[in-house]
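Worksheet: one structure, shown below.
All of the numbers you see were taken from the coordinates with simple rules; none came from a lab. No experiment lies behind these values; they were computed from the predicted model shown. Here the Cβ is made from the backbone with ideal geometry for all residues, glycine too, and neighbour counts use every protein chain on show.
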Amino acid sequence: MPRTPRPLLLAVAAAALCGTLAACGGSGSPAPARTTAAAGTAKATAPVPDGSPSPSPFAAPTLPPGPGGAAPVFSHGPRTGPKRVALTFDADMTSDQGPRAARGEHFDNPGLVAALRQLKVPATVFMTGRWAEEYPDQARSLGGDPLFEIANHSYSHHAFTTPCYGLPALAPGTARADVERAFAAIRRTGAQRVVPYFRFPGGCHDDAVLRELGPAQVTAVQWDVVSGDAFAKQAGPVAAQVLSQVRPGSVVVMHCTRSAAPVTEEAVRRIVPHLRAQGYEFVRVSELIGAH
């Protein structure tokens, strides 16, 4: 598992409690997780919950189900071959943060998105349904840009297993409904490039919840590089941490929320030229999954 940056996400997440993205790129996956080393060949599909239309017409490769039909887990791409890396950004917002947004707190980060576009860096954005509802124009813009793809980060960023960095827990048996609610919220914005991938808040999961999510036909996406951008005050240490951990096939977890990750844009502007100078190509998660 990736090296945990400072105990910030354990201590700060408890203090900030479920409010921000404390648990969203914490210390990797605190619960047991399967990776894709033996997952088999990717296939193109999209989630079709309860026979309803898929979240968008955009198809992307997924991994075959795990044992007992459980949702498969992906943590990184191939370590051999081309030097490719996927930057991923969690767009976090919980169900109770509407009043904070109304008072002017920024859970979005247009500057970061502009930087990615300027640098021509493809990326995968893991979006909560609540974020999509708060920023529908931005969700639609991201989902209409071929540079990006939008994945699911739950509806309200509650824990799918506990303990999970102080996050409030979903009610038992509601995991699949929460994921489908998030897809529906994203779909209502008009976003097109919605991929059948899901990231657990905090990365927290177990075998039982993977089995519960199996019928949703999603691939659970973890990471192997923790950026440490959540609550960071300086971009330099964030960039240095990413650059020291990236390997071919890496999935980097970062955040797209100004209030809790204010230095991410500056860190990205430092990371991108360094990795390109080392011969890395930036890709979306779908391209790493497709390589399997």
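Each residue of the range 137-222 gets 96 Å³ once the volume of the Cα convex hull is shared out per residue. In units of the compact-protein estimate 2.2 N^0.38 Å, the range 168-292 shows a Cα radius of gyration of 1.20. Residues whose amide H lies under 5 Å from that of Val225, counting only those 5 or more places away or on a different chain, are Val251, Val253; hydrogens are built 1.01 Å from N in the peptide plane. Fewest-first ordering of Asp96, Asp178 by other beta carbons within 10 Å of each residue's beta carbon gives Asp96, Asp178. Using 0.36 nm per residue and subtracting the Cα-Cα separation, the extra length available between Ser141 and Ala277 on full extension is 46.0 nm.
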